[in-house]
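Below: the structure, in C-alpha cells.
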Amino acid sequence: MLLLAVGVAAVLAILVTRGSNDSESSEPSNENTTNEAETVTKTTKEETPKTEVKADPVAEAPAEEVATEAPAEEAANEAPAEETADEAPAEETADETASDEAPTKAPQPEAAVTTTGLNGDDLGPNVVALLEVSGDHLGGAARATLAAAVQLAKATDVELHVCCLGSATQSAKEACVEGVTAVHTITNDAFNEPVAELYTAAALTALQATQASIVVAPASSVAKDYLPRVAETLGAGMISEAIAVDGPKTFKRALWAGSAIATVEAHSERLALTIQPTAFDPVKPGDGSTSAIEFEVPATKTRFIEFAGTVSERPSLGDAEVVVAGGRGCGVSGGESEFDFGPVENLADSLGGAIGASRAVVDAGWVPNDWQIGQTGKTVAPKLYIACGISGAIQHVAGMKGSKTIVAINKDPEAPIFQVADYGLVGDLHQLCPELIEKISNEGLKVG
C-alpha cells in the first residue's frame, strides 16, 4: 500500500509538472498564434481582393465599365495585375482611366511662322542694295546708292547683288553696272502703297535669295521706315545716312545738321546701312539682264489710306540738276500779297530746274511742304543750286551743301549763305532774278 501511495504521489507530481510546463508554454504559443493570426490577417487583406473581385460582378465587367466605376489606383488595389490582365490589360485600363479623369488640356498656340535663314547661320556674307524704282529709268538717288554699294562690296571683298522693288521694275536693267554681280527684281502692285511691313518682308526675301548679310538702301522716307525693322529682325547693326565708306565696317556720317562729321564703326557681322545719296556721285546707267525673285505679299497690320502729293511738270528735287530755292526774302510789302514767289519760279523754269524753299517760307504757308529743303526737309545735291532770299541757317545748309555749285542772291551782304556759296549776288531778288532770266534767254545758257 505504501508503495502504491508513493507511486500515485509520483504520478501526480509528474502530472502537475507537465501541467505547469504546458501552462508556461501556452503563452508563447499564444504569441505565435497571434503573430500567425496577424500574418494571416495581413495576407488575407492582400489576398481578399482576389475573392472579392471574383465574387463581385463588376470585376467581370468590361474594362471600360471598371474604369468608370473605380479609378485606376483602386482597381489596382482590388485586383492583382495578373488577374486584371486576364480581364482587361492594365495599360489599356490606365490609359482609359486617365483619359476619363485627366482634365482637358488647353490648346497650345501655334508656333510663329519663321522664315528660313533670318536668324540662322545660312545667310551669306554678300552685300545687297535695295532700290525703290519706278518708271523707265533709275533715279539719281538709286544710282548714288549703287555707287556707295559698289565701294562697300569692294572694301568687304564680297559679291554685290542689287534688288529693285516696285510695281514696275523695267528700269532695273540700268543697275547692271561694273562691280555688280547680279541684278534682281521683286515686282508687285502692292508696292504702290508704301507700307513698311511690305518692304520689310521683301527685303528679307531678297537677303535670303542673294545670301547677303549686309543691306544698303538710300536714306529715303520709305527706307527710313522699313530698314530699322530689317536690322531688328536680323540682329544687325544699323548705321543711317552715311556720307562716306572708309572700310568694310567703317563709315562717316554728318551730325548736328552737318556741323560735325563722325567716323563710326560697326561691330556686328550683319549690317543695315542707309546712305545719303547726295554724298555720292551717281553711277552712269548700265544695261543688262535681270532675274525675278518670287515674293508672296504678307498680310500687314498697317493699312494704306492715301498719298497726298503734288503733281508737277517740273523735275523732282531729288533728281533735278538745277534747283532754285526761295526764302523769306521773297516777301514784299505794299502789294496784294505778302510774298511774291514768281521770280524764283520763273528762274527755275528758264533753267529747266526744280523749285525749293526754306522752312520759314513753308511754315508761313507760302509754298507746299514738299518744296522744303533742309534738315527737316529734303536733301538735294544738284549741279547748280541758286538760293534766292535765303539767309543760310545751318538747318537749311544741311540740305543743300552737297551741291556742286552754289549761287546766293541776298540783299544782306552779311548773310551766312555767302559763306557756303561759290558765287554771290548782293541785291534784291525781285530785280536780279528777271535780269538773270533775260541773260539766260539771250545767251541760250543750259545746265548739263
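The values are calculated or read from the model by the stated rules, or taken from the named source; none is laboratory data. Remember, it's a predicted structure, so these values are computed and weren't measured experimentally. Cβ placement follows ideal geometry from the backbone for every residue including glycine, while neighbour counts extend to all protein chains displayed.
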TODO: Filter the stretch 190-209 for residues that are hydrophobic (A, V, I, L, M, F, W, C) and either touching a His at 6+ places or on another chain (Cβ under 9 Å) or part of a helix (DSSP H, G or I) (or both) and give the result.
DONE: A190, F191, A196, L198, A201, A202, A203, L204, A206, L207, A209
Task: Matching residues, the stretch 397-408, being closer than 17 Å to V344 by Cα and touching a residue at least 40 places away in the same chain (Cβ under 8 Å) - done: M400
Task: Residue match in the stretch 333-352 (condition: hydroxyl-bearing (S, T, Y), surrounded by fewer than 20 Cβ atoms within 10 Å (Cβ to Cβ) and assigned to a loop (DSSP other than H, G, I, E, B)) - done: yes
TODO: Kindly indicate the residue of the stretch 221-268 that is touching a Ser or Thr at 6+ places or on another chain (Cβ under 8 Å) and among the polar types (S, T, N, Q) and also farthest from L160 (Cα to Cα) among those meeting that condition.
DONE: T263
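Residues are listed down the side, and each one gets a yes or a no for (1) buried (at least 22 other Cβ atoms within 10 Å of the Cβ); (2) in contact with a strand residue (DSSP E or B) (Cβ under 6 Å, 6 or more places away or on another chain); (3) under 19 Å from K224 (Cβ atoms):
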residue	(1), (2), (3)
T156	no, no, no
L160	yes, yes, no
C163	yes, yes, yes
S167	no, no, no
A175	yes, yes, no
T181	no, yes, no
P194	no, no, yes
A201	yes, no, yes
Q208	no, no, no
Task: The lone exception for T278 - which of (1) of a type outside the set (K, R); (2) crowded, with 17+ Cβ neighbours inside 10 Å; (3) under 26 Å from the mean Cα position of the chain (by Cα); (4) in a helix (DSSP H, G or I) it fails - done: (3)
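Do we find a residue being in a helix (DSSP H, G or I), under 22 Å from G288 (Cβ atoms) and assigned by TED's automatic domain parsing to the domain that holds D136 anywhere in the stretch 210-227? Spell out how you get there, then give the answer.
Taking the stretch 210-227 as the starting set, the residues that turn out to be in a helix (DSSP H, G or I) are 210, 221-227.
Imposing the further condition that a residue be under 22 Å from G288 (Cβ atoms) reduces the set to 210.
With the extra rule that they be assigned by TED's automatic domain parsing to the domain that holds D136, the set shrinks to 210.
The answer is yes; a qualifying residue exists.
Quick one: in the stretch 254-274, which of the residues that are assigned to a strand (DSSP E or B) and modelled with pLDDT under 95 is nearest to D136 (Cα to Cα)? Can you show your working first?
First, the residues of the stretch 254-274 that are assigned to a strand (DSSP E or B): 254-255, 260-265, 271-274.
Then keep just the ones that are modelled with pLDDT under 95; that gives 254-255, 260-261.
Values: A254: 33, L255: 35, A260: 38, I261: 36 Å.
For the stretch 254-274, the residue satisfying everything is A254.
What is the residue count in the stretch 433-447 for residues that are in a helix (DSSP H, G or I) and over 17 Å from V323 (Cα atoms)?
Start the filter on the stretch 433-447 by keeping residues that are in a helix (DSSP H, G or I), which leaves 433-443.
Now narrow it down to the ones that are over 17 Å from V323 (Cα atoms): 435, 438-439, 441-443.
Residues meeting the conditions: 6.
Could you please find all residues in the stretch 396-432 being among the β-branched types (V, I, T), part of a strand (DSSP E or B) and touching a helix residue (DSSP H, G or I) at 6+ places or on another chain (Cβ under 7 Å)? Break it down into steps so the answer makes sense when it comes.
If we filter the stretch 396-432 for residues that are among the β-branched types (V, I, T), which is where we start, we get 397, 405-407, 409, 417, 420, 426.
Imposing the further condition that a residue be part of a strand (DSSP E or B) reduces the set to 405-407, 409, 426.
Listed by number, the residues that qualify are I406, I409.
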Open item on the list: Take G365 and tell me if it is at pLDDT below 95 and at positive phi.
Closed with: yes
Task: Conditions (1) in a strand (DSSP E or B); (2) touching a residue at least 24 places away in the same chain (Cβ under 8 Å); (3) farther than 25 Å from V133 by Cβ; number of the one not met by P248 - done: (1)
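Taking G318 as the residue in question, decide whether it is crowded, with 17+ Cβ neighbours inside 10 Å and not in a strand (DSSP E or B). Lay out the reasoning, then the answer.
Values: crowded, with 17+ Cβ neighbours inside 10 Å: yes; not in a strand (DSSP E or B): yes.
Taking the combined requirement at face value, the residue satisfies it.
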Task: For I243: the one exception among (1) in contact with a helix residue (DSSP H, G or I) (Cβ under 6 Å, 6 or more places away or on another chain); (2) part of a strand (DSSP E or B); (3) within 18 Å of E132 (Cα to Cα) - done: (3)
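Could you check, for the stretch 383-394, whether at least one of its residues is buried (at least 17 other Cβ atoms within 10 Å of the Cβ), without any contact (Cβ under 8 Å) to a residue 40 or more places away in the chain and not in a loop (DSSP other than H, G, I, E, B)? Step through it out loud before you land on a result.
Initially, the stretch 383-394 is screened for residues buried (at least 17 other Cβ atoms within 10 Å of the Cβ), giving 384-393.
Imposing the further condition that a residue be without any contact (Cβ under 8 Å) to a residue 40 or more places away in the chain reduces the set to 392-393.
Narrowing the set further to residues that are not in a loop (DSSP other than H, G, I, E, B) leaves none.
For the stretch 383-394, residues buried (at least 17 other Cβ atoms within 10 Å of the Cβ), without any contact (Cβ under 8 Å) to a residue 40 or more places away in the chain and not in a loop (DSSP other than H, G, I, E, B): absent.
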Open item on the list: Here is a list: K411, K404. Which entry is within 47 Å of the chain's Cα centre (by Cα) and basic (K, R)?
Closed with: K404
TODO: For V324, indicate whether it is in contact (Cβ under 8 Å) with a residue 40 or more places away in the chain and either surrounded by 16 or more Cβ atoms within 10 Å (Cβ to Cβ) or not in a strand (DSSP E or B) (or both).
DONE: yes
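Results for (1) β-branched (V, I, T); (2) crowded, with 18+ Cβ neighbours inside 10 Å; (3) in contact with a Phe, Trp or Tyr (Cβ under 8 Å, 6 or more places away or on another chain), shown as yes or no for each residue.
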| site | (1), (2), (3) |
| --- | --- |
| Q211 | no, no, no |
| A217 | no, yes, no |
| R229 | no, no, no |
| A242 | no, yes, yes |
| G247 | no, no, no |
| A254 | no, yes, no |
| A257 | no, no, no |
